[in-house]
Number of protein chains: 2
Amino acid sequence: MTAAARREVIETAATEVFAERGYPGAAIDEIARRSGVTPPVVYDHFASKRDLYRRLLERHFAELREVWRRHLPGDDPPRERFARSIDAWFAYIESHPFAGLMLFREASGDPDVDAMHAEVAARSRAAILPLFAAEPGAEGLAGSVIGEGLEMAWVVLRGVLQGLAIWWTDHPGVPREQVVATAMNSLWFGFERVTEGEGWVPLD
Amino acid sequence: MTAAARREVIETAATEVFAERGYPGAAIDEIARRSGVTPPVVYDHFASKRDLYRRLLERHFAELREVWRRHLPGDDPPRERFARSIDAWFAYIESHPFAGLMLFREASGDPDVDAMHAEVAARSRAAILPLFAAEPGAEGLAGSVIGEGLEMAWVVLRGVLQGLAIWWTDHPGVPREQVVATAMNSLWFGFERVTEGEGWVPLD
DNA sequence: CCCTTACCTAACGGATACTAGGTTAGCCAG
DNA sequence: CTGGCTAACCTAGTATCCGTTAGGTAAGGG
């Protein structure tokens, strides 16, 4: 097998194993075995386990980032663009279930690896948030009663999508439209309400 | 130190280490060191690393379950009870930040441990979901256009709370009311809309 | 004075990231 | 055809870490 093809096979296998076992639980031995190869071959392509992991993080986060960049901006009504983005997002998860699982595994056990994960994830956030900030009415979000408005909205968005994505991989029979509908129903009312300036639920 | 006190110290230290490093990354050595003790002492109190982990899962999940059980049922308007429950939930996270982090770490790397985690978490879900199902209008949720209605609502709820909880531990300066307000604003509109029979966002 | 209790030192065994060095198979110059 | 070079892959380790255990010490109470 050519080096490039082997490298691709290893990356696919490694994504699976990292998703299933997490960073410390993923053994190079098993990654190699699933790639039809012995461990030293992995080191012909990647300098270390960390290097391999970083490479996969960069790749999958970039692909997911691209989903937002391609579907969110536009001239259609916000709700349609938002719905399409979420649909495309789950379509990516559907075709790359292990990539999603790997990205959403929060903590690895290795502080350096955690820092790496946080750094790459922060780059994604920095790329995607401006797309939302460009929406009309977004200043309502940013300046709302909630101090860290945009940032916390991001946390909520991420929490819902991530939770549904993980749940979905355990319930593969559920059609994508249902998952997308749940995400929309959970997220849309809040965004709509704020961007239209109707304000927030008051705190008693 | 008495055995009971030492055991408590070890449980606290272990919760911290599991939260910071995840199951495979947590070393008995470090748990022991933070407990002011050597590793064999840990084994005087717990049969194994897995046993210690299970014990902590049971304990913290039970405490969080109790929060819902105490605050959600009642005769006040649903929104107030829901808001109070969420406030109490984040109050628990505030006083037990490591417990929250430990519970929300999805995957451990060890299949047996993952199964254990899933089992205890499922017990919590089974205890809390009926509280929501008892709400007037909940049949709208369960029988909605979304097939697995209640279950997916649970996933969303959990996703939002978990995301905010993790974010909050990284931003300790943010007052609890702001986090609670964000959670309410993210979750309440959807629930309200469905339980009042106003239906869902249609899918285009 | 002994026995229990809390804790220790020292080590074993297994797993794991990573490496040194060799083997095979195809390709290409002569 | 042939000899040698390269590229893909291998066997066989090494060093380290980690869960766990065996067996012992020391202090305090009865």
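Just the residues that are at pLDDT below 90 and not basic (Lys, Arg), please, taken from region A:4-22.
A:Glu20, A:Gly22
Look at region B:50-77: where a residue is within 14 Å of chain A (Cβ to nearest Cβ) and a partner is open to solvent by less than 60 Å² (accessible area, probe 1.4 Å) and more than 16 Å from DNA strand C (Cβ to nearest atom), sitting 6+ places away or on another chain with Cβ atoms under 6 Å, you get B:His71/B:Ser85; B:His71/B:Ala88.
Applying a threshold of 6 Å to beta carbon distances and a minimum spacing of six or more residues, or different chains, the list of pairs starting in region B:4-31 at a residue that is in contact (Cβ under 8 Å) with a residue 60 or more places away in the chain and ending at one that is open to solvent by 30 Å² or more (accessible area, probe 1.4 Å) and within 13 Å of DNA strand C (Cβ to nearest atom) reads B:Pro24/A:Pro24.
Please go through region B:1-23 and give me each residue that is among the polar types (S, T, N, Q) and not in a helix (DSSP H, G or I), ordered by number. Once the filter is applied, which keeps residues that are among the polar types (S, T, N, Q) and not in a helix (DSSP H, G or I), region B:1-23 yields only B:Thr2.
Might you check whether a residue that is outside any helix (DSSP H, G or I), surrounded by 14 or more Cβ atoms within 10 Å (Cβ to Cβ) and within 16 Å of DNA strand D (Cβ to nearest atom) occurs anywhere in region B:49-57? No, region B:49-57 contains no residue that is outside any helix (DSSP H, G or I), surrounded by 14 or more Cβ atoms within 10 Å (Cβ to Cβ) and within 16 Å of DNA strand D (Cβ to nearest atom).
Per this entry, B:Phe90 is counted among residues that are modelled with pLDDT of 80 or more and more than 11 Å from chain A (Cβ to nearest Cβ).
When region B:24-41 is filtered for residues that are assigned to a helix (DSSP H, G or I) and among the aliphatic types (A, V, I, L, M), the ones remaining, listed by number, are B:Ile28, B:Ile31, B:Ala32, B:Val41.
Residues in region A:68-88 that are within 12 Å of the chain's Cα centre (by Cα) and crowded, with 21+ Cβ neighbours inside 10 Å: A:Ile86 alone. Just to be sure, is A:Ile128 open to solvent by less than 20 Å² (accessible area, probe 1.4 Å), over 26 Å from A:Ala26 (Cα atoms) and at pLDDT 95 or above? Spelling it out, it is not the case that A:Ile128 is open to solvent by less than 20 Å² (accessible area, probe 1.4 Å), over 26 Å from A:Ala26 (Cα atoms) and at pLDDT 95 or above. Of all residues in region A:103-123, those that are more than 10 Å from A:Leu57 (Cβ to Cβ) have Cβ atoms under 7 Å from Cβ atoms of residues that are polar (S, T, N, Q), 6 or more apart or on another chain, in A:Phe104/A:Gln162; A:Asp114/A:Ser108.
The residue that is surrounded by the fewest Cβ atoms within 10 Å (Cβ to Cβ), counting only those in region B:23-40 that are near DNA strand D (Cβ under 9 Å from one of its atoms) and either in the same structural domain as B:Ser108 (by TED's automatic domain parsing) or among the aliphatic types (A, V, I, L, M) (or both), is B:Ala27.
Consider B:Glu16 carefully, then state whether it is away from DNA strand C (no atom under 16 Å from the Cβ), under 21 Å from A:Pro24 (Cβ atoms), away from every other protein chain (no Cβ under 12 Å) and open to solvent by 10 Å² or more (accessible area, probe 1.4 Å). Talk me through it step by step, then tell me what you get.
On the way: away from DNA strand C (no atom under 16 Å from the Cβ): yes; under 21 Å from A:Pro24 (Cβ atoms): yes; away from every other protein chain (no Cβ under 12 Å): yes; open to solvent by 10 Å² or more (accessible area, probe 1.4 Å): yes.
It is true that B:Glu16 is away from DNA strand C (no atom under 16 Å from the Cβ), under 21 Å from A:Pro24 (Cβ atoms), away from every other protein chain (no Cβ under 12 Å) and open to solvent by 10 Å² or more (accessible area, probe 1.4 Å).
If you go through region A:19-41 and keep only what is within 11 Å of DNA strand C (Cβ to nearest atom) and within 26 Å of the chain's Cα centre (by Cα), you end up with A:Arg21, A:Gly22, A:Tyr23, A:Pro24, A:Gly25, A:Ala26, A:Ala27, A:Ile28, A:Glu30, A:Ile31, A:Ala32.
Are any of the residues in region B:43-62 in contact with a Lys or Arg (Cβ under 8 Å, 6 or more places away or on another chain) and of a type in the set (A, V, I, L, M)? Among the residues of region B:43-62, not one is in contact with a Lys or Arg (Cβ under 8 Å, 6 or more places away or on another chain) and of a type in the set (A, V, I, L, M), which makes the answer no. Among the candidates A:Asp75, A:Asp110, the residue that is out of contact with any Cys (no Cβ under 9 Å at 6 or more places or on another chain) and closer than 17 Å to A:Gly22 by Cα is uniquely A:Asp110. Residues that are more than 13 Å from DNA strand D (Cβ to nearest atom) and under 20 Å from A:Ser108 (Cβ atoms) within region B:5-19 comprise B:Thr15, B:Glu16, B:Ala19, listed in sequence order.
The values are calculated or read from the model by the stated rules, or taken from the named source; none is laboratory data. Keep in mind that this is a model prediction, so the values were computed, not measured. As a convention, Cβ positions derive from the backbone with ideal geometry for all residues, glycine included, and neighbour counts pool all protein chains shown. To get the accessible areas, we keep the full protein, side chains included, count just its heavy atoms, and leave off ligands, DNA and RNA. Shrake-Rupley method; radii C 1.70, N 1.55, O 1.52, S 1.80 Å.
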